[in-house]
Structure formats: C-alpha cells, structure tokens
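K.L.:
Dumping the structure here so I can ask a few things about it.
The values are calculated or read from the model by the stated rules, or taken from the named source; none is laboratory data. Because the structure is predicted, anything quoted here is derived from the model rather than measured. Reconstructed Cβ throughout: ideal geometry from the backbone, glycine too, with neighbour counts over all protein chains shown. With ligands, DNA and RNA removed, areas are computed over all heavy atoms of the protein, side chains included. Shrake-Rupley method; radii C 1.70, N 1.55, O 1.52, S 1.80 Å.
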Amino acid sequence: MLFAAAGVLAVLPEGTLRRAEAWRGEMLAALWAAIGALAITGASLRIEGVVNWCPVFGMDGPTLPMLVLLAFAGGVMSRGHRGLACVLAGLAFLALSPLVFGLLAGTALVLLAGRGRQGVCLPAAIIPACIPADSPLSPYLMGGMVLLLGWAVASQKGPEATVPAGIGLFLLGRLLSETGVLAPVPQIVLLGSGCVVALAGGVQALRARHAVQVAAGLGCAGFGALVVLLTLALATTLEGMEQFRTATQLGVGAPFLALLAVLWLCQPMQPNLFVPPVTQDHAPALPLALPARMCCPAGFIVLCGGLFALSGLPPLGGFSVLWCLISAGELATLAAPPVQALGTVLVLVMAASFMALGVLGLFRLGFAALNAADTAIKPGQPGVPSGGVFQVLPAIVCFAASLVVAVLPGVWLALQDHLFVGEAARGFAWQHVLSIWFTDTPVSYTPLYSLMALVACAGSVVGLGMLFKLYPFPAQAGTRPLWQEGAPLLQIEDGSVFQERTNTHATAQIGSMLAVFAGITSQRPENWRFFDKIMLSARFMQALLFKAVAWCEAQGMVLILLFLGAGLVFGLFASK
C-alpha cells in the first residue's frame with residue numbers, strides 16, 4: 001500500500017492536490033521513511049514469507065535489506081518518472097516470480113533510460129533473471145547485465161543512478177547464490193565485466209564537464225568494484241570468502257549513502273548551473289559546471305564530507321571496505337596455488353588502480369567546488385542560493401546516515417546479513433556493535449578507535465607546534481589600508497575619526513585578575529626562565545634529530561643490510 005501511494009503521488013499532475021501541492025515532497029518523504037522503517041524492522045526480526053492477499057509478492061533474505069537502501073534513494077528522488085522508477089524497483093525486489101521481477105525491473109530501467117538505443121538495450125539486462133541459473137549461458141548473460149547496468153548508472157543525472165546499481169547487485173547476488181562456484185572462464189568474464197565498468201566510470205569522472213557526470217562516473221566505478229568483490233566472494237574457491245562478502249556489505253552501506261548525498265548535490269537544478277569565473281591565477285584546464293546548491297556553505301560542507309567518506313581515508317566507510325579487501329586478499333593469496341595467487345594479486349592491483357582513479361575524480365570534484373565557493377561570491381548574488389540548511393536537508397540526512405553506519409558497522413552487518421549468502425549467519429551482538437568482525441577468524445577492526453587515534457595524533461601535533469612554535473604553514477599577516485599605517489586603532493567611518501572599541505570577554509577579565517594576584521601581569525611565558533630552559537632543550541633535541549636523520553640518509557644502504565641480517569638471524573633462532 002505504501003508503494004502504491006508513493007507511485008500515485010509521484011505521477012500526479014501538478015495542481016491536482018490544490019492547496020496540498022506544496023507539501024507533496026514532504027508527503028513522499030514521509031511515505032519512503034515509513035517504508036524504510038518497516039524494512040529495518042523486518043530485516044532486524046528476519047521476517048520472511050508470502051503476502052496472503054497477493055501471493056505474487058513476498059519477503060525473503062535479500063529483499064528487506066535492499067529496501068532499506070532503496071528507501072533513502074526514493075526519499076531524495078520523490079516525484080516524476082524517477083520516483084515511479086524507484087517504486088517499481090521496490091516492487092521488483094518484493095516479487096517472487098522471476099518474470100514479474102523482470103517486468104517491473106525492466107520497466108524501471110526504461111523509465112530511467114535516455115532517448116535512443118539505451119531504452120531498447122537496458123531491458124536486456126534482466127534476461128539472466130528469466131532463464132535457469134544452471135544454464136551454460138547464464139554467466140555470460142550476467143556479464144552483459146553488468147555492462148548494461150554500468151552504462152545505465154553512468155548516464156544518470158542525479159540520485160537515480162543508485163537504482164540500476166541496486167537492481168544489478170540484488171540480481172547478481174541472487175544468481176550467484178544459486179549457481180555457486182563458476183568455472184574459470186565464466187569467472188574471468190564476470191571479473192572482466194566489473195573491471196571494465198569500474199575503469200569506464202573512473203575515466204568518466206576524470207573527463208566529464210559537469211559535476212553530475214563526475215558523480216555518476218564515481219557511482220559507476222563503485223558499482224564495478226562491488227561486482228568484482230561479489231564475484232570473488234560467491235563465484236570462486238578463494239579463501240577469504242567471508243571477508244570479500246563483508247567488504248561488499250560495507251560497500252553498500254556508508255559509501256552508498258555518501259554517494260547518494262553527493263549525487264543529490266550535483267544534480268541539475270534551477271537556477272542554472274554555475275561555472276566559476278576563470279582567472280589568471282588559477283585557471284582550470286577543464287572547468288566543471290556546478291549546481292548552485294554546491295556553492296552555498298551548507299552544501300559545500302556536506303559535499304566535502306561525502307567526498308571524504310568515499311575517498312577511503314580512515315575512519316569512514318571507504319576505509320572499512322579497503323581494510324576488508326586487504327584482509328581478504330592476504331588470506332586468498334596465502335592459501336591459493338601459485339597461479340591462482342598471481343591472478344588474485346593482479347585483481348587486487350587493478351582494484352587499487354581503479355581506486356586511484358576514483359580518488360582523482362573525487363579531488364577534481366572537490367577542487368572545483370572549492371574554487372566555486374571561493375570565487376562564488378557574495379550573498380545575494382544572482383544564481384547563488386542563500387545557503388540555508390533546509391535547502392540541502394536530503395543530502396544532510398543521507399550523510400548523517402552514512403556516518404552512523406560507519407561508526408556502528410556491527411549493527412549494519414547484522415542488519416544486512418541476508419543481503420548476500422554467506423557461510424555462517426552473523427547475528428546481532430552488543431560486543432560487536434562498534435567493530436567489523438568475521439565469523440571464521442578472530443580478526444576485527446573498530447573504526448571508532450581509528451578516529452580516537454587520529455584525534456590524539458592531531459592534538460599531539462598541534463600541542464607540540466604550539467609549545468615549540470613549529471608551524472607547517474606561515475602565518476598570514478593581517479593587511480590594513482595605507483591610511484591606517486601609524487594609527488592602527490583609528491579608522492574612518494562616515495567621514496569621522498574615532499577610536500576602535502575593544503570588547504573584553506568575561507573569561508579574559510578573570511584571567512587578568514588572576515594574573516594581578518600572581519604578580520605576572522607584565523610578564524609573558526617567553527620571559528619565564530623555565531620556558532627558556534624548555535626552548536633551549538627543544539632546540540638541542542631538534543638539532544640532534546636533524547643530525548640523526550642526515551646520518552641515516554647518508555648510511556641508508558648500510559642500515560638496510562644490517563636490518564636484513566638481523567632479521568635473518570632472528571628468523572633462524574625463532575624457527576628453532
């Protein structure tokens with residue numbers, strides 16, 4: 001019923017609701033929020049079964065976890081053919097018959113397709129769902145499905161790019177769970193298809209002229225990478241299947257939601273796109289056309305947060321996926337024969353290359369937004385929004401959800417456990433709420449600990465810099481007009497000369513009073529003898545450190561040989 005109501009509201013003509021027309025977006029967001037809440041409840045309770053009054057639809061393992069992600073996409077897309085496509089995709093996930101799934105998912109893809117041949121080719125991506133999974137053509141059709149859906153993701157202009165990716169991952173996970181381990185040639189076909197899609201998305205992110213095309217390229221690259229991970233988890237005999245599966249589950253978590261926020265910010269809107277003016281000081285070779293909402297302070301902050309979450313830097317979701325991938329690669333390489341281990345290493349190297357392309361695309365989008373925020377101008381300029389928080393509220397909600405998933409990965413893994421088939425069930429446990437853990441190894445990772453370590457390191461660096469006056473960047477000296485030189489406390493306003501008033505904070509007054517009682521009102525820390533001794537010791541230690549570094553650089557090869565010899569000797573004794 002909720003899907004039907006959301007579909008009707010999405011396609012109603014303008015003005016049909018009369019006075020309630022202004023609240024259509026809020027009503028659609030409330031419907032999708034209800035769908036998401038019900039999906040989260042059902043996935044937590046592991047509810048499965050067939051709808052009695054409509055046996056065509058039902059709920060099984062991966063249905064409800066995928067509806068949780070679809071609820072976020074539907075909430076930010078809302079009306080028009082995009083909202084209807086999201087509704088049809090949700091009904092397709094609930095369909096029990098492969099033919100019904102193919103009909104609904106194919107219609108959703110046609111609604112999202114552009115003009116020309118794409119609308120004719122995209123329905124062919126659903127063919128693998130309509131043939132037996134044990135057919136010899138099934139793996140090759142799945143490879144074609146990955147290529148077609150990657151094309152669909154790269155051609156979208158907003159958050160709707162997540163719908164073809166969700167359909168592809170949902171269908172691929174189902175099919176691979178039925179086919180099991182594939183032969184070497186079908187494995188190569190699926191891995192090659194994912195690599196081609198990831199490479200095409202990374203190239204598009206580097207060459208596109210509009211911000212929405214860059215974001216769509218990043219989504220295409222992420223979809224290809226998830227296809228590779230899912231193939232390694234379900235279709236190969238490599239060790240580390242649980243790690244690859246966990247990496248895929250984490251990839252459709254925080255990075256998916258952060259990408260949704262970035263796509264919403266980058267989609268075209270009214271007023272038209274804003275192209276930053278090109279100056280001689282910094283003239284980009286390929287300027288990006290940016291939506292006006294990215295130029296406001298709130299949009300720029302959310303965009304930077306989303307790009308940071310996608311970059312793979314700790315402690316957000318991208319780094320969790322990278323950690324699981326490295327752990328899985330280590331297990332798969334150590335336990336595989338030499339030829340298979342070499343192939344695994346090559347796949348991991350290609351994954352690292354695609355990640356580097358994606359990071360370059362993120363840098364390109366971030367620098368373009370920074371340039372627009374710097375040159376964009378003044379509040380109230382035509383074509384630039386005022387910068388209110390409510391103007392970018394959908395992106396803020398998606399980014400906040402990605403932060404929650406990144407900080408509480410154990411809850412997300414327990415919720416999404418049935419999305420892809422695994423060797424053992426991963427239930428909810430309070431001791432694993434903050435950590436990423438596996439069912440077959442005791443290794444775990446806690447993102448919150450990484451955040452605490454980064455904060456401690458940053459605090460230490462800042463504290464040492466303040467103590468020893470070591471700053472990596474030169475302090476910018478304040479500039480004043482020429483007429484204020486010699487009289488810095490005076491300024492001219494309305495033709496009159498007056499003295500500046502200084503506002504003294506209550507905390508500063510209390511500090512001055514305590515300084516008077518201590519008798520140090522005219523002294524500074526630089527005048528204290530203890531501070532002089534500390535500075536002298538710091539300069540001595542700094543000089544000693546520089547000498548040690550210079551000696552190590554000069555004797556680097558000797559040190560390497562010494563460490564190698566010590567390691568060999570220690571290994572010989574340890575082996576005994």
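K.L.:
Taking only protein heavy atoms and a 1.4 Å probe, what accessible area per residue, in Å², does segment 294-334 have with all protein chains in place?
P.N.:
Result: 35 Å² per residue.
K.L.:
Figure the gain on full extension for ASP134 and CYS304 (residue separation times 0.36 nm, minus the Cα-Cα span) and round it to one decimal in nm.
P.N.:
56.7 nm
K.L.:
Moving to a separate point now. Quickly work out the VAL185-to-LEU562 label distance, labels modelled 7 Å from Cα along the C-beta direction, and quote it in nm with one decimal.
P.N.:
Taking the simple label geometry, LEU562 and VAL185 are separated by 5.9 nm.
K.L.:
Then there's this: How large, in percent, is the carbon and sulfur part of the accessible surface of segment 1-130 at a probe radius of 1.4 Å?
P.N.:
Accessible surface attributable to carbon and sulfur in segment 1-130 totals 70 percent.
K.L.:
So how do 306-312, 360-366 stack up, highest first, on mean other-Cβ count within 10 Å? Provide the component values of the computation, followed by the final result.
P.N.:
Details: 306-312: 23.0, 360-366: 19.6.
Listed from highest to lowest mean packing, they are 306-312, 360-366.
K.L.:
Using the beta-carbon distance between ALA341 and ALA400 and R0 = 35 Å, what value does 1/(1 + (r/R0)^6) give for FRET efficiency, to the nearest 0.05? All intermediate terms of the calculation are to be shown ahead of the outcome.
P.N.:
Numbers: r = 42 Å, r/R0 = 1.19.
So the FRET efficiency works out to roughly 0.25.
K.L.:
Next question. Multiply the residue gap between ALA352 and PHE468 by 0.36 nm, knock off their C-alpha separation, and tell me the result in nm, one decimal place.
P.N.:
Stretched out fully, the ALA352 to PHE468 stretch lengthens by 37.8 nm.
K.L.:
On to the next question. Between SER444 and LEU334, how high is the FRET efficiency from 1/(1 + (r/R0)^6) when r is the Cβ-Cβ distance and R₀ = 22 Å? Nearest 0.05. Spell out each step's value before the answer.
P.N.:
Numbers: r = 19 Å, r/R0 = 0.87.
For SER444 and LEU334, the calculated efficiency is 0.70.
K.L.:
Could you run the Karplus curve 6.51 cos²θ - 1.76 cosθ + 1.60 with θ = phi - 60° over segment 79-91 and give me ³J(HN,Hα) per residue in whole Hz, x for Gly and Pro?
P.N.:
3J(HN,Hα) across segment 79-91, in whole Hz: 9, x, 5, 5, x, 5, 4, 5, 5, 5, 5, x, 5.
K.L.:
When the accessible area of segment 292-362 is split by element with a 1.4 Å probe, what percent falls to carbon and sulfur?
P.N.:
The value for segment 292-362 is 84 percent carbon and sulfur by accessible area.
K.L.:
Determine ³J(HN,Hα), in whole Hz, for all residues of segment 339-352 in sequence, where each value follows from phi through the Karplus function 6.51 cos²θ - 1.76 cosθ + 1.60 and θ = phi - 60°; x replaces Gly and Pro.
P.N.:
With the stated coefficients, segment 339-352 comes to 5, 5, 5, 4, x, 5, 4, 4, 5, 5, 5, 5, 4, 5 Hz.
K.L.:
For SER177 and ALA429, compute 0.36 nm times the residue count separating them, minus their Cα-Cα distance, and round to one decimal in nm.
P.N.:
Result for the pair: 88.1 nm of gain on full extension.
K.L.:
For segment 206-270, what is the accessible area per residue in Å², given a 1.4 Å probe and the full set of protein chains?
P.N.:
22
K.L.:
While we're here: Just the number, please: carbon plus sulfur as a percent of the accessible area of segment 136-195, 1.4 Å probe, no ligands or DNA/RNA counted.
P.N.:
Ligands and nucleic acids excluded, carbon and sulfur reach 72 percent.
K.L.:
Now, a different point. Express the accessible area of segment 1-130 per residue in Å², computed with a 1.4 Å probe while the remaining protein chains stay in the model.
P.N.:
Value returned for segment 1-130: 48 Å² of accessible area per residue.
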